[in-house]
Amino acid sequence: MPASGGRPDPARAGRDLEELRLASIDGVDHCTVHCLCLYCCFEPGWTADRIQGRDEMAAVWRKLVRFAGKPLPDQVMTLKAKLRAAPRNIPYISEYFEDRCKARLFGGLAPLVPAVKDMFDGEPGLKVFKANGDEFLRVCRDIYGLRPDENVLDVGCGIGRKTLPLTQYLTRTASYEGIDVARAGIEWCRKRITPRFPNFRFQHIDVHNRHYNPNGKYSAAAYKFPFKDEHFDFVVLWSVFTHMMPDGIGNYLSEIRRVLKHGGRCLITYFFVNDESTRLISGGKSSLNFRYGAGEYRVLSSSIPERAIAIDERLITDFYRKAGLQPTNIYYGSWCGRQKSLSYQDHVLATKE
Ligand SMILES: C[S@@+](CC[C@H](N)C(=O)[O-])C[C@H]1O[C@@H](n2cnc3c(N)ncnc32)[C@H](O)[C@@H]1O
């Protein structure tokens, strides 16, 4: 067993890595040796991605045994024993494994995928990152009619979870602007995505949010988007108003209207408080227990409301009316325990006439 509870020793991990690199085992390439050693280090309780990796490692193990046609070479056994004794969270092991998984899932886009530990914008994990992005593109294209040549504004783009599939869909004549209050995500996207897809641009906006940008300078209730009037065909806020207070939402809807062209659409996701969701929450069916608050909104955490906010549907309907946006499609989500749903969150597609 790894030295459980022992503190990781980077120097020792580095030495082990070097030994692995230098190990020359007849007929077994270094990559396989790495895989084998990774396998040795897997522990119960890792994430789904890693458990899948564990299967993969098991396959490598079997291959290696077959390859050798006899018990594993002593050298491998020694390395295995060493790694078992090493601290379990040797950074290169998880990085190495993640890189392999990324390449398999994302192919040539793998370098544009952040490390799992940096995925602050949703559930961390490579498979879920991919599945979320794929769902987003499918829904935008097939349900809401996003066309490949449109100008898209993604408010609260996070670390590019939903951007990546768009790089494969939007043409060069289209444009994509991503803005977010979380600087780290914007920096990652600027560094990784824009150089390869110059029509994809990202800006940090220093708007206050207790969860994502506690030191932000500007209030969401008064913030003006850094874009000229009537520039975009499609504005999306996916899982963003679920982290904002009502006064910010009201102002953002007016800003969305301002930057949309006539005939443009906005797709926004919510957790709506309405009769049905209230009943399901009270019946213990909801995946999120919005236990605090009443009236305009309900929250999961009383100290940091922006962790997740469910908002009164009638209030939002009123905001759309005041902003001059016409909702055309509403799909209620499965978050509160509904059986048949398009997606997890509630969706509203609206147009500017
Ligand atoms: C749950 S994440 C969703 C990210 C992305 N839209 C996605 O679906 O993958 C919420 C995002 O909204 C951003 N956000 C929160 N308040 C914001 C605001 N007032 N303006 C712009 N972005 C905001 C957060 O920084 C975070 O990246």
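The values are calculated or read from the model by the stated rules, or taken from the named source; none is laboratory data. These numbers were taken from a predicted model, which means no experiment stands behind them. In this analysis, Cβ positions are derived from the backbone assuming ideal geometry, glycine residues included, and neighbour counts consider all displayed protein chains.
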Can you pull out every residue in the range 280-291 that is without any contact (Cβ under 8 Å) to a residue 12 or more places away in the chain and either within 16 Å of the ligand (Cβ to nearest atom) or not polar (S, T, N, Q) (or both)?
284, 291
Yes/no for residue 295 being on the phi > 0 side of the Ramachandran plot, in contact (Cβ under 8 Å) with a residue 12 or more places away in the chain and either assigned to a loop (DSSP other than H, G, I, E, B) or not assigned by TED's automatic domain parsing to the domain that holds residue 214 (or both)
yes
Verdict on residue 278 being in the same structural domain as residue 210 (by TED's automatic domain parsing), surrounded by 14 or more Cβ atoms within 10 Å (Cβ to Cβ) and farther than 21 Å from residue 225 by Cβ
yes
Scanning the range 196-252 residue by residue, those free of Cβ contacts under 8 Å to residues at least 60 places away in the same chain and under 22 Å from residue 315 (Cβ atoms) turn out to be 207, 208, 219, 220, 221, 222, 223, 247, 248, 251
Applying the selection to the range 329-350, what residues are touching a residue at least 60 places away in the same chain (Cβ under 8 Å) and out of contact with any His (no Cβ under 9 Å at 6 or more places or on another chain)?
335, 336, 338, 342, 343, 345, 346, 347, 348, 349, 350
Being within 16 Å of the ligand (Cβ to nearest atom), of a type in the set (D, E, K, R), surrounded by fewer than 16 Cβ atoms within 10 Å (Cβ to Cβ) and not in a loop (DSSP other than H, G, I, E, B) is the requirement here; does residue 318 meet it?
no
Take residue 153 and decide whether it is surrounded by 22 or more Cβ atoms within 10 Å (Cβ to Cβ), under 27 Å from residue 323 (Cα atoms) and more than 10 Å from the ligand (Cβ to nearest atom).
yes
Among residues of the range 111-146, those that are within 12 Å of the ligand (Cβ to nearest atom), of a type in the set (Gly, Ala, Ser) and exposed (fewer than 15 other Cβ atoms within 10 Å of the Cβ), counted:
1
Filtering the range 182-231 down to residues that are over 21 Å from the mean Cα position of the chain (by Cα) and of a type in the set (Ser, Thr, Tyr), which residue is farthest from residue 323 (Cα to Cα)?
218
